[in-house]
Amino acid sequence: MPVYPASATEDISAALGAMGSGSAASAVAKRLLELFTQESISPGTRLPPERQLATSLGVGRSAVREALAALEILGVVDVRPGSGTYLRGNASELLPQTLSWGMMLSRTHTVELVEVRGALETYAARLATERMSDESIEIMRTHVEEMRASSADLRRFVEADLQFHLELARSTDNAVLLDLLQSIRSLLRVWSDRAVQDDDHARQAIEEHAAVYEAIAARDPDAAAAAMAAHMRTAAVRLAGEVSTHADDS
């Protein structure tokens, strides 16, 4: 691993400047992105620790932590436990991703992306109903059962939810649709993983997934599409509430 001088890390802190108390995680992430794409920072440079970034920006550590988590999902930084957070690419490599960053970090774009996801998931449910194998239907049933069994364990619950949607997307036999849904899921995951926050939300999500599964198992494309559309509507409401709590309009 190349060793970069400590001065590079210190230069990042000096270049950031205070943003003022109360700035949201999205604003912190945008400020970091501006620095990464405008300054000559070498790939592999270690960023200052969370505490130092928070002090430089004049924000709380939680905002810095959430911003770095979002940037890691997007592949901008690499978080290495026990070592630190490192910049992955240089400006020329990072600039082409600005559209994706904008979708991820803007409340308006995130809400619009949720709408796109809803339409694609609904279409995928219809298509999968017509093309899904019996084996895949059984796999989807196990994911619903896993959601029921893990409603008190958020990590397991979120993973079962993810696998349900991935199995459905794979069963469309449409590689472009699968790639689009996976990309959107990655962009939204920093919000969607936190959208189920209590037992009522979990029960509602489970029943919505069960309704999609039952329609697909019955080989009823219209019912599957309707069930998925209903699920996407309530999921969008939950996610919009999470985004409104943590993000600012661009």
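On full extension, the segment bounded by residue 131 and residue 201 gains 22.2 nm, given 0.36 nm per residue less the C-alpha separation.
Here residue 45 sits with roughly 0 square angstrom of accessible surface, probe radius 1.4 Å. Between residue 72 and residue 219, the C-beta separation translates, for a Förster distance of 45 Å, into a calculated FRET efficiency of about 0.65. Distance between the 7 Å Cα→Cβ label points at residue 61 and residue 142: 4.1 nm. Label segment 144-191 by shape, choosing from rounded, prolate and oblate, from the square roots a ≥ b ≥ c of the eigenvalues of the Cα gyration tensor; if a/c is under 1.5 it is rounded, and otherwise prolate applies when a/b is larger than b/c, oblate when it is not. Here segment 144-191 falls in the oblate category.
The values are calculated or read from the model by the stated rules, or taken from the named source; none is laboratory data. Keep in mind that what you see is a predicted model, and the values were worked out from it rather than measured. Ideal geometry is used to build each Cβ from the backbone, glycine not excepted, and the neighbour counts take in all protein chains shown. What goes into the accessible areas is simple: the full protein's heavy atoms, side chains included, and nothing from ligands, DNA or RNA. Shrake-Rupley method; radii C 1.70, N 1.55, O 1.52, S 1.80 Å.
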